Structures are given as C-alpha cells and as structure tokens.
Amino acid sequence: MQPKLFSCMKSYSKQQLIKDLTAGVIVAIIALPLSIALALASGVDPEQGLYTAIVAGFVISFLGGSRVQIAGPTAAFATIVAGVVAKNGFSGLVLATVIAGILLILMGVFKLGSLIKFIPYTITTGFTTGIAITLVIGQLKDFFGLTFTHSPIETIDKLKEVVNCFNTFNWQALVIGAVSLAVLIVFPKFIKKIPPSLFAIVISAALVKLFNMDVNTIGDLYTISSDLPKLSIPAFSVDTVKAILPDAFTIAVLAAVESLLSCVVADGMTGSRHNSNMELVAQGAGNIASALFGGIPATGAIARTAANIKNGGRTPIAGIVHAVVLLLVLVVLMPYASLIPMPTIAAILFVVAYNMSEWREFTSIIKRAPKSDTLVLLVTFVLTVVFDLVVAIIVGVILATVMFMKRMSDVTDAYGWKEIDESTDKDNISLKVIPEGAMVYEITGPIFFGVSNKIADVIKKSNKQVLVLRMRSVPAIDATGIHSFESLIKTCKKNGSTLVLSHVNEQPMEVLKKSGMLNEIGEENICEHIDSALARAEEIMKDKVRVK
C-alpha cells in the first residue's frame with residue numbers, strides 16, 4: 001500500500017521533471033474548460049469544478065497507485081450529481097461524497113480492487129453509453145437557448161420539457177452553439193497543441209461580446225468566485241445518511257470502476273502496472289477532500305490521463321503540477337469565465353458525451369455478442385436513461401449473473417458412459433472394461449445450485465451395486481452441490497450400493513473434506529484415475545460375491 005509517488009522519487013531525474021512540468025501545464029489547460037463545463041452540468045457553481053480538479057487532483061496524484069492518473073470531475077458523474085443536488089441540496093452531495101470516499105478507502109484497505117473486474121463489460125458499456133445520452137439531453141436547453149417553464153430532474157422529464165418548450169428556442173444561441181461545435185470538431189485536425197475547447201471559448205465569447213448577441217453567458221446565470229477552496233464540515237443526521245446512502249454507493253462504485261478502467265488504459269500506453277488497491281484508497285481520500293473543500297465527486301479521467309501520457313508525463317508530479325496550475329488560474333483568471341457563452345458549454349459537453357459514449361463498442365456487442373449479453377447491455381442502457389445508474393447497475397448485475405448461471409448450467413452435464421459416442425481418445429470408454437454390476441457416470445462443469453436437477457437424474461439411475469462418478473471436468477462445488485452429494489450417498493446406502501469417485505479436483509476435494517463427506521464415502525473409494533476407480537469397482541464386486 002505504497003503510493004507510486006514515493007517509488008518514483010527514488011529514480012527521479014531533471015529530464016523527467018521538465019517533461020512532467022510540461023505535461024502538467026498542458027493537462028491543466030485541457031482541464032480548465034472541462035472542469036467548468038462539468039460543474040455546470042452537475043448543477044453547481046463553475047468554480048466548484050475547479051475546486052474538484054485542484055483538491056482531488058492533488059490528493060489522488062499524491063497518494064495514487066498509478067504513475068500517470070489525472071483525476072477530476074468527469075462526465076459520468078454529471079447527471080448523478082445534478083440529481084443529488086436537486087433532491088438533497090449541495091450539503092446532501094457533500095455528505096454522499098464523503099461516505100463514498102470512506103467506502104472507497106475500505107475497498108482499498110480490504111483489497112477489493114480486483115473485484116471490479118467481475119462487473120461485466122456489457123454493463124459498463126451500457127451505463128457509459130446511457131450516461132452519454134443523459135448528458136446530451138441535459139444540454140439541449142442551453143444549446144438551443146430554450147426557456148423552460150419547469151425545472152425537471154429526471155432525464156425523460158427533461159426531454160419532454162425540451163419538446164414542450166422548443167417554440168422558445170433562441171436562434172442566436174443556436175448559432176453560437178453550432179460555431180462552437182464546428183470549432184471543436186474541425187480545430188483538432190489542424191492544430192494539436194492547443195485544446196479545441198479553449199479555442200471555442202475564445203471565439204464564441206468574442207462573437208457574443210462584439211455583436212452584442214442575446215445569448216446567456218455563465219456570468220448571466222452564476223456568480224463567479226475566485227476565492228480559494230475553504231474547509232467546510234457538513235452537518236448530518238441519521239435520516240440524511242439514510243436518504244443519500246444509495247447515491248453514496250453509486251458514487252463509490254462508479255468512481256472505482258472508472259478510475260481502475262483509466263488505470264488499465266494508462267498501463268497499456270506506458271507499459272507500467274498500477275496498484276488497484278492503493279488507487280482506491282487515493283480515490284477515497286481525494287473525494288473526501290474534494291467534498292470538504294467545496295468540490296464534487298472526482299475520479300480518474302481517461303482523456304486527461306491519456307493527454308498527460310502523450311505529453312511526456314510519467315510520474316505523479318505531472319498530476320500535482322496540473323492541480324497547482326489550476327489553482328493559479330482560479331485566483332487570477334476565474335473572473336473571465338463569466339464571458340463564456342452557455343451554448344459553448346453545451347457544445348463542449350456534446351463532444352465529451354460523444355467521446356465517452358463507446359458507441360462503437362455498443363453496436364459491436366449488439367452485432368456480435370450472444371443474445372444474453374445483448375439483453376444485459378440494452379437493459380442497463382435503458383434503465384440508465386429512464387431511471388438512474390443505481391437501478392441500472394443493480395438490475396444489470398443481477399441479470400448478468402442469472403445469464404451466467406444459465407450458461408454454466410447448460411455446459412454442466414452428467415451422463416453414463418453408455419450414453420455417449422465412441423472416440424479415438426485414449427480414455428475412450430470402448431477401451432475400458434466396466435465390471436458387471438457397476439455404472440460409470442461422467443460429470444462435466446461446475447456442480448452448483450443451477451445444475452442440481454442433473455445430479456438428481458444420476459440419483460434416480462443409481463441402482464447398480466457400484467456407482468463410479470468421474471469428476472475430472474468438475475472445477476468447483478457449492479453448498480447445493482454438497483447437498484446433492486448427500487442425497488446421492490443416502491440413496492446408495494439405501495440401495496446397498498457403493499459410491500466411488502474418480503479424479504476429484506482440488507476445490508471439490510477441499511469441500512468434500514470440510515463437509516465430512518469423505519468419511520461417508522471412504523477414502524479407499526476416492527481414486528486418482530478412472531483406471532484405478534474401475535479396479536476399485538471390480539474389487540468391490542468381488543467382495544460382494546464372496547459375501548454371498
């Protein structure tokens with residue numbers, strides 16, 4: 001649990017310092033308009049986006065488990081944060097973020113970083129694309145300069161309000177939005193060094209000012225502050241905690257997933273390896289600090305992390321420089337943010353939504369993946385847009401789990417040797433001699449609650465004096481599988497027959513030992529190979545003949 005900063009400092013050089021300084025400044029320039037835009041999309045004041053990038057960006061770079069991770073506000077949180085602020089106010093958001101930070105720290109301390117990989121790709125793609133759609137819908141009002149009669153919270157309600165109020169659209173706002181969008185799309189094709197969002201802001205603000213256009217700017221709707229972040233401890237009660245707990249859980253899970261995905265992408269670009277558990281601790285500490293100093297939830301930002309790497313950043317120093325530069329911008333240049341037109345903010349967020357939408361992966365899954373995976377993807381996507389991320393993740397995980405169990409039950413089988421075709425396999429049943437009065441069943445796949453009926457079929461047919469179960473293809477057994485074995489043993493004893501097991505793998509063997517069933521079966525009836533199991537069956541049959 002050592003932050004990457006400490007290990008990087010052991011071999012730090014002057015050349016790397018120059019690269020980190022350069023990368024940190026460039027990333028700060030990229031993060032500046034994004035932080036303001038994402039703050040507004042989240043329903044909070046513009047400077048609070050910078051507070052987040054400064055405080056969380058510094059803490060996460062200082063403590064993080066990645067050399068190159070850049071943290072700050074991200075589009076994935078915008079709709080969630082806006083919903084929390086609308087329902088529980090900013091104090092509710094602060095409390096939810098602090099609790100989420102505590103959950104993230106606990107996840108790291110208890111080494112749960114590797115568990116994130118168990119969230120299926122279909123779910124992460126579904127909710128990421130869903131979040132992109134909700135982000136776009138949330139910005140239609142400013143892009144078209146609409147005047148809403150209501151202040152809807154839910155995405156579908158926002159879309160209805162856009163349709164109902166579209167007659168109020170402002171053509172001047174649409175022109176500024178279209179110009180900004182064109183700049184954002186075309187500019188990067190010619191100039192790579194300057195962030196297109198910064199160029200779009202300068203051009204659109206100049207157009208609005210020079211032609212005195214009737215377009216809302218940030219200064220028209222918000223009071224701009226260049227004050228430094230101040231520590232504020234939120235008041236809380238049991239009722240408040242209960243109300244925001246689902247939101248805190250969502251923030252924690254999303255922060256963990258997005259941060260670790262960003263780390264994986266960064267590892268692929270740099271050839272390094274991150275420490276997932278240390279990264280979770282850093283994300284937790286960063287989110288707590290961000291909330292206490294007036295910020296919003298933060299996580300690893302894939303685009304900013306990639307920009308850091310491409311510009312030479314290779315240690316956490318680059319992330320720390322990015323936070324310091326943004327702090328200077330907050331103090332010196334923040335008042336000029338009042339000139340930024342709202343349609344430009346909307347256009348920036350449209351591009352952010354497009355870049356995060358993963359629409360290529362979304363369509364690829366629909367075209368190529370099994371129908372069950374497509375179902376999980378579409379359900380998660382629709383629930384994210386129609387309801388919220390909490391419902392989407394819970395239902396998506398449950399549905400994916402059910403589908404996985406269905407697939408496992410389909411591949412698990414139990415059949416008698418006389419029921420399968422002959423082959424050229426050296427263990428071919430046609431080359432084995434099954435003693436008279438014995439029956440061999442082969443089980444393939446895990447024995448769990450989803451396949452108990454198949455074990456029940458073996459029980460029904462276990463009327464021979466010796467029943468051999470070949471288990472070379474059984475990787476695992478659960479509690480229901482143990483119960484099925486108990487029933488099988490009872491049936492064998494009732495029928496006066498003997499159960500012999502062949503080639504029991506490590507996990508099933510441990511489970512059988514722990515459950516005490518090895519004693520029930522008898523260690524002499526546990527055989528390493530089918531040949532020794534058949535020999536044991538023949539020996540049992542001879543003993544039965546002698547007794548008679």
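Throughout, read-outs are computed from the coordinates displayed, never taken from laboratory work. As the structure is a computational prediction, the values presented were derived from the model and not from experiment. Neighbour counts are summed over all protein chains in view; Cβ atoms, including those assigned to glycine, are modelled from backbone coordinates with ideal geometry.
Across the stretch 302-310, computed HN-Hα scalar couplings (Karplus, 6.51 cos²θ - 1.76 cosθ + 1.60, θ = phi - 60°) run 4, 5, 5, 5, 5, 5, 4, 5, 5 Hz from first to last residue, x flagging Gly and Pro.
Other residues with beta-carbon under 15 Å from the beta-carbon of GLY284 carry, at +1 per Lys or Arg and -1 per Asp or Glu, a net charge of -1. Averaging the Cα positions of each part gives two centres, and for the stretch 137-158 and the stretch 269-323 these lie 32 Å apart. Shape index of the chain: Rg/Rh, with Rg the Cα radius of gyration and Rh the Kirkwood radius from the inverse mean 1/r over Cα pairs, equals 1.14. The chymotrypsin sites (Phe, Trp or Tyr not before Pro) of the stretch 288-394 meeting both criteria, a DSSP state outside H, G, I, E and B (loop) and at most 16 other C-beta atoms within 10 angstrom of the site's C-beta, are PHE387.
Toward the positive end of the charge dipole of the chain, with +1 on the Cβ of Lys and Arg and -1 on the Cβ of Asp and Glu, the farthest Cα among ILE477, VAL500, ALA41 is that of VAL500.
Test of understanding: given the chain, find the longest segment containing no GluC sites (Glu not before Pro) that are in a DSSP loop and have at most 13 other Cβ atoms within 10 Å. The longest uninterrupted stretch comes out as 1-421. Can you spot the aspartates and glutamates whose alpha carbon is less than 17 Å from LYS514's alpha carbon? Ignore those fewer than 8 places along the same chain. Cα-Cα hits under 17 Å: ASP478, GLU486, GLU506, GLU523. Counting 0.36 nm for each residue step from MET408 to ASP214 and taking away their Cα separation leaves a gain of 63.7 nm. In a reduced charge model with +1 at each Lys and Arg Cβ and -1 at each Asp and Glu Cβ, the chain shows a dipole moment near 760 debye about its Cα centre.
Between the residues SER262, VAL376, ALA206, the greatest Cα displacement towards the positive end of the dipole of the chain, with unit charges on the Cβ of Lys, Arg, Asp and Glu, is found for SER262. Return the whole-Å distance between the Cα centroid of the stretch 353-386 and the Cα centroid of the stretch 30-77. Computed from Cα coordinates, the inter-centre distance equals 27 Å. Which whole-number percentage describes the relative contact order of the stretch 16-357, with Cα contacts under 8 Å and a sequence gap of 6 or more? 43 percent.
Computed over the chain, the per-residue total of -39500 (n - 2.57) for DSSP H runs of n ≥ 4 gives a 222 nm mean residue ellipticity of -21500 deg cm²/dmol, rounded to 500. Note on LYS371: lysines with a C-alpha under 27 Å away, same-chain residues under 8 apart excluded, are LYS117, LYS406, LYS454. Once you order the gyration tensor axes a ≥ b ≥ c over the Cα atoms, which shape class does the stretch 1-152 get: rounded for a/c under 1.5, otherwise prolate or oblate by comparing a/b with b/c? Here the stretch 1-152 falls in the prolate category. How much net charge surrounds GLY271 when only the other residues with a Cβ under 15 Å from the Cβ of GLY271 are counted, with Lys and Arg +1 and Asp and Glu -1? With Lys, Arg at +1 and Asp, Glu at -1, the neighbours total +4. Counted by neighbouring Cβ atoms within 10 Å, the residues HIS322, HIS503 run from fewest to most as HIS503, HIS322. Straight-line reach from LYS310: taking Cα to Cα under 25 Å and skipping same-chain neighbours fewer than 8 places apart, the lysines in range are LYS4, LYS10, LYS14, LYS19, LYS189, LYS192, LYS193. Centre-to-centre, using Cα atoms only, the stretch 183-218 and the stretch 488-510 are separated by 74 Å.
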